[in-house]
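The values are calculated or read from the model by the stated rules, or taken from the named source; none is laboratory data. Values in this document were obtained by computation on a predicted structure and should not be read as measured data. Here the Cβ positions follow ideal geometry from the backbone for every residue, glycine too, while neighbour counts run over all protein chains shown. SASA here: full protein model, heavy atoms, side chains in, ligands and nucleic acids out. Shrake-Rupley method; radii C 1.70, N 1.55, O 1.52, S 1.80 Å.
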Number of protein chains: 2
Amino acid sequence: MKLRELLSTDVIWMDSDKKNGDIVISSRIRLARNLLDFPFPDQADEKGLAAIRSSVLESMNRVEYLKKGNQYLLEDLDPTDRRFLLERHLISHDFVHSSRPGALVVGDREMVSIMVNEEDHLRIQGMESGLDLMKIFGFLRVIDDALSRELKYAYSSDLGYLTSCPTNVGTGMRASVLIHLPGLVQTNRIEELLGSLQKLGMVARGFYGEGTRSLGDFFQISNQITIGVREEEIVDKLLRIVEQIVQTERATRGEMLEKNRLEVEDRIARAYGLLRHVQKISYGELMEHLSWLRLGLSLEIKMQVTYHQLNQILLKSQPAHLDEKEGRELAPLERDAIRAQTIRQLLG
Amino acid sequence: MKLRELLSTDVIWMDSDKKNGDIVISSRIRLARNLLDFPFPDQADEKGLAAIRSSVLESMNRVEYLKKGNQYLLEDLDPTDRRFLLERHLISHDFVHSSRPGALVVGDREMVSIMVNEEDHLRIQGMESGLDLMKIFGFLRVIDDALSRELKYAYSSDLGYLTSCPTNVGTGMRASVLIHLPGLVQTNRIEELLGSLQKLGMVARGFYGEGTRSLGDFFQISNQITIGVREEEIVDKLLRIVEQIVQTERATRGEMLEKNRLEVEDRIARAYGLLRHVQKISYGELMEHLSWLRLGLSLEIKMQVTYHQLNQILLKSQPAHLDEKEGRELAPLERDAIRAQTIRQLLG
């Protein structure tokens, strides 16, 4: 199972040297692309889907950044593998349950990944640490251009890229950031913020995407509108909005510390003490403590821990990550114990 | 303020090398004694009380174990000092508020202490670590005999020692142990035990004596009946009952560990992690964690902590102990922060 290799690789978003990297964990952009000569996956039959997949996977071998990537056929991935990839944001909820001849291609450090035969023929995703949408945008453009020379894309000069779902037509682009907002959550200002985002054509989601709840004060913010705007506009607008949120969050943290320094320091220190010694812990509880620790680092409170360690824990303590490591689906209590062990090891 | 010396002395009950010392923290015996030629303190006037005090304190200078003891006059003790002494079980609640010419004599390591002009002319107390009532009994008998040669005790050959309150008449003796019963508390068997004690003529109290609630699963168990029994019988009966409770508690701990080892280990490890890092903490919360840590040591769970450290924390984190250390009455939040600091220091 080649997937296990991913377990020990350091993904791109774990770097933490970016400006505002204490608040914005990672940025992602995905492009929806379809082939001109084939029906959308929903309308294609098994044989058609297999032909699409062959064609796409073959073309990858001629594209820089992708030709060295790992290719996984969906039918080779068992349920644990799929949940594992979902937790890494490499595949979607739909793909977890899909019985189509799909595929996943994962480039070096997961900076780029492509789902084949999900809702669209290609879902090309770029990821980076911090608020670095422009870098991803540039990088994805190179890959997209290269692929477009290999594959005939379904494109209309009026509408733009044609996609399976009308909400993606146009740029076929969704840009999103994973952002940590404990200040706004603790001071009960988060609802207001999320409400105002909607008016700006942005949408906020929980940790695992659409319909999931926020864990550990982490939120995903992304654009809702893909049509009638240029790609640069989407990226630029999201950038400006997130920079504004970062400013507000930072100011709120300052106020919190000023008003309740002891309380805040105590919560952070307790989170640290707990995670260093815990013998069993749920992922939900873990996320609460991780949130305090990340806040603590951001507030420059002295602790024997780094952002990189926190990011490692965030990723590797997820349920399917633990199952994947152990090579089987764990019972809940057993998993909570192995999670605790994993955390203690990662904290060194 | 000579009291501050007590802050840094290691009291006798902090030793922890006794058999069953993991469950029984300390034993105490106190004797109520009165002088023949004086009215009981309640009936005496200021002048009479002063005369009693002089006479008693003077006699101490001729008694081994007491002549090197520290003598404190009640009027020299401010409210913080008195709360401090109460927390050390050296004076009673009544003595905290008393405006009589009283005194306190404290021997080496607090093994023996005497209140003068509390409810009785003399309240002689002996303390030891673990379940060691016999040792105290022997030790107090030596002191009591020596004092009886210096002072004329009020004694009736029919009734025994005469005391201010009829419930103490006879032996004037109360024997008690401080016992830690987390197993019985966690398994909801404690109420049953406390109920059965009453039928045996014993009484269970909270951590700070009569009318106080249990903190951290610590209980004081003592004899209720002082008359019509010999002193040896009181001691022997309490010993046998406590040994029985210790057996039950130990069996219960074994069951807890067998049924829920991970849960128990997790609670203990969390308590340890919290106390190592906490920045503010109430005494009530602290006691809960101390209870888990003491249980952990008893269950031989690996931790960087000793009974002696736990006993130090138990004693020195009490409110008035912190106030005494800082030399002033602290505000609650400030006290919680200094408590946290004290705990971290004592854990090393």
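Does the stretch B:256-276 hold any residues that are at the interface with chain A (Cβ under 7 Å from one of its Cβ atoms) and either over 29 Å from the mean Cα position of the chain (by Cα) or without any contact (Cβ under 8 Å) to a residue 40 or more places away in the chain (or both), and which are they?
B:Leu262, B:Glu265, B:Asp266, B:Ala269, B:Arg270, B:Tyr272, B:Gly273, B:Leu274
Here is a list: A:Arg205, A:Arg189. Which entry is among the basic types (Lys, Arg), away from every other protein chain (no Cβ under 14 Å) and within 26 Å of A:Pro319 (Cα to Cα)?
Just a single option satisfies the conditions, and that option is A:Arg205.
(1) surrounded by fewer than 13 Cβ atoms within 10 Å (Cβ to Cβ); (2) touching a residue at least 24 places away in the same chain (Cβ under 8 Å): which one isn't true of B:Ser26, the others all being true?
(1)
Among the numbered conditions (1) within 14 Å of another protein chain (Cβ to nearest Cβ); (2) in contact with a strand residue (DSSP E or B) (Cβ under 6 Å, 6 or more places away or on another chain), tell me where B:Leu238 comes up short.
(1)
Would you check if A:Arg253 is at negative phi and in contact with a Leu (Cβ under 8 Å, 6 or more places away or on another chain)?
Taking the combined requirement at face value, the residue satisfies it.
Could you list, in sequence order, the residues of the stretch A:330-348 that are part of a loop (DSSP other than H, G, I, E, B) and in contact with a helix residue (DSSP H, G or I) (Cβ under 6 Å, 6 or more places away or on another chain)?
A:Leu330
Could you list all residues from the stretch B:281-308 that are open to solvent by 40 Å² or more (accessible area, probe 1.4 Å) and in a helix (DSSP H, G or I)?
B:Glu285, B:Glu288, B:Tyr307, B:His308
From (1) assigned to a loop (DSSP other than H, G, I, E, B); (2) under 30 Å from A:Thr252 (Cβ atoms), pick out the condition that doesn't hold for A:Leu178.
With (1) assigned to a loop (DSSP other than H, G, I, E, B); (2) under 30 Å from A:Thr252 (Cβ atoms) applied to A:Leu178, the lone miss is (1).
I'd like the full set of residues that are more than 27 Å from A:Glu263 (Cα to Cα) and free of Cβ contacts under 8 Å to residues at least 12 places away in the same chain, limited to the stretch B:278-319.
B:Glu300, B:Lys302
A quick yes/no check of all residues on (1) out of contact with any Phe, Trp or Tyr (no Cβ under 8 Å at 6 or more places or on another chain); (2) buried (at least 22 other Cβ atoms within 10 Å of the Cβ); (3) not assigned by TED's automatic domain parsing to the domain that holds A:Leu36:
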| residue | (1), (2), (3) |
| --- | --- |
| A:Gly170 | no, yes, no |
| A:Met173 | yes, yes, no |
| A:Asp217 | yes, yes, no |
| A:Ile221 | yes, yes, no |
| A:Thr226 | yes, yes, no |
| A:Leu239 | yes, no, no |
| A:Glu243 | yes, no, no |
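What is the residue count in the stretch A:42-58 for residues that are touching a helix residue (DSSP H, G or I) at 6+ places or on another chain (Cβ under 7 Å) and modelled with pLDDT under 95?
Adding up the residues that qualify gives 1.
State the number of residues belonging to the stretch A:325-337 that are within 11 Å of another protein chain (Cβ to nearest Cβ) and of a type in the set (A, V, I, L, M, F, W, C).
Of the residues in the stretch A:325-337, 2 are within 11 Å of another protein chain (Cβ to nearest Cβ) and of a type in the set (A, V, I, L, M, F, W, C).
Look through the stretch B:1-23, keep the residues that are farther than 19 Å from B:Gln312 by Cβ and at pLDDT below 85, and return whichever of them is least open to solvent (accessible area, probe 1.4 Å).
B:Lys2
Taking the conditions exactly as written (in contact with a Ser or Thr (Cβ under 7 Å, 6 or more places away or on another chain) and open to solvent by 30 Å² or more (accessible area, probe 1.4 Å)), does A:Leu151 satisfy them or not?
No.
Would you pick out the residues in the stretch A:313-329 that are in a helix (DSSP H, G or I) and open to solvent by 10 Å² or more (accessible area, probe 1.4 Å)?
A:Lys316, A:Pro319, A:Lys325, A:Glu326
Residues of the stretch B:62-90 being farther than 26 Å from B:Gly206 by Cα and open to solvent by 20 Å² or more (accessible area, probe 1.4 Å), which ones?
Matches in the stretch B:62-90: B:Arg62, B:Glu64, B:Tyr65, B:Lys67, B:Lys68, B:Asn70, B:Gln71, B:Leu73, B:Glu75, B:Asp76.
What are the residues in the stretch B:277-317 that are of a type in the set (Ser, Thr, Tyr) and within 12 Å of chain A (Cβ to nearest Cβ), if any?
Scanning the stretch B:277-317 gives a single hit, B:Ser282.
Sort out which residues of the stretch A:263-305 are under 17 Å from A:Gly348 (Cα atoms) and among the polar types (S, T, N, Q), and write them in order of number.
Within the stretch A:263-305, A:Gln279, A:Gln304 meet the criteria.
Name every residue in the stretch B:45-65 that is in a loop (DSSP other than H, G, I, E, B) and either free of Cβ contacts under 8 Å to residues at least 24 places away in the same chain or of a type in the set (Val, Ile, Thr) (or both), in order of residue number. Don't jump to the end; show me each part of the working.
Start the filter on the stretch B:45-65 by keeping residues that are in a loop (DSSP other than H, G, I, E, B), which leaves B:45, B:61-65.
The answer is B:Asp45, B:Asn61, B:Val63.
Restricting attention to the stretch B:91-101, and to residues there that are touching an Asp or Glu at 6+ places or on another chain (Cβ under 9 Å) and open to solvent by 30 Å² or more (accessible area, probe 1.4 Å), which single residue is nearest to B:Glu329 (Cα to Cα)?
Taking the stretch B:91-101 and keeping what is touching an Asp or Glu at 6+ places or on another chain (Cβ under 9 Å), we get B:91-95, B:98-101.
Right, trim to open to solvent by 30 Å² or more (accessible area, probe 1.4 Å) and you get B:93-94, B:99-100.
Details: B:His93: 18, B:Asp94: 21, B:Ser99: 21, B:Arg100: 24 Å.
Per the criteria, the residue is B:His93.
Kindly list the number of the only condition in (1) under 16 Å from B:Glu231 (Cβ atoms); (2) crowded, with 22+ Cβ neighbours inside 10 Å that fails for B:Met115.
All conditions pass for B:Met115, except number (1).
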